[in-house]
Amino acid sequence: MFTENQFCAAAKAAAQTYKDAGLGSTCQGEAAFSDAHIDLAWKVYHGGIEAFQQLGDRFEGLLIGGLRNEKDLVSQGAGITKELKGAFLVMNETTRKYGGAILDTGNWSVLVNDSWLLAGVHQQRAFYLASDRRRANLWDDQNNRIRVFTRELVGLNAFGYQFVQHDYPALGEVMTCRRQGATNVDFLAYQGKIAESERTNAWKRLVKEPTPA
């Protein structure tokens, strides 16, 4: 796990790499690697760690997947909906303990999302897939790039996580950590795996189209 100083240093060390990949802005168009936004990302990371530690074994895991509205439910299937947020609760930069399983912040950036995911990885928590792995959920045709959901899957896979089927098949797939050594993965390592996956199209191996009913 990161201390605050280690976290800030790791974020600043990766800043140019993220910017070069077009990932240097927040959802509001602000600089994602300004001191203020790195501090916000730290609060997401640290708040998540505190929540996981408070709940211990009672914390089932985190939920990843594409955001959905009613139109998306028809075109892309299951994902993170308003109902799921209500059922599994959310966490953000204000979380201190007893946080939820879904990241939900108005200050979103790739750095913030990566910070949230690394908090789970550093604690070796399970990640539940709210979306299935069909191509439409992994590749954004309009913008010709992988989706954030794909980024999460690629990173987890690279950090020693594997897909397993939930004990209750209707709940879909889970990614669990199968090897040690991911407890100090940093932003440079994460972005490096993403860049490699994009360059080689390795992300396509994650596609798993639903079986027709």
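The values are calculated or read from the model by the stated rules, or taken from the named source; none is laboratory data. Note that the structure is a prediction, hence the values are computed from the model and not measured. Using ideal geometry, Cβ is built from the backbone for each residue, glycine included, and neighbour counts are taken over all protein chains shown. Accessible surface areas use protein heavy atoms only, side chains included; no ligands, DNA or RNA. Shrake-Rupley method; radii C 1.70, N 1.55, O 1.52, S 1.80 Å.
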Extended-chain gain in nm, criterion 0.36 nm per residue less alpha-carbon gap, Thr94 and Ala9: 28.4 nm
Stretch in the chain that is longest and holds no GluC sites (Glu not before Pro) that DSSP places in a loop and that have at most 14 other beta carbons within 10 Å: 61-213
With every protein chain in place, the chain: carbon and sulfur % of accessible area (1.4 Å): 48
Dipole magnitude of the chain about its Cα centre (Cβ charges: Lys, Arg +1; Asp, Glu -1), debye to nearest 20: 440
R0 of 22 Å, Cβ-Cβ distance Asn201-Gln162: FRET efficiency to nearest 0.05: 0.60
The chain, helix-only ellipticity at 222 nm - DSSP H runs n ≥ 4, -39,500 (n - 2.57), divided by all residues, nearest 500: -13500 deg cm²/dmol
Residue (of Asn137, Gly24, Trp108) at the positive-pole extreme of the chain, dipole from beta-carbon charges: Asn137
Convex hull (Cα only) mean projected area of region 124-200, reported in nm² to one decimal: 5.7
Distant-in-sequence amide H partners of Tyr161 (H built 1.01 Å from N, under 5 Å): Arg178
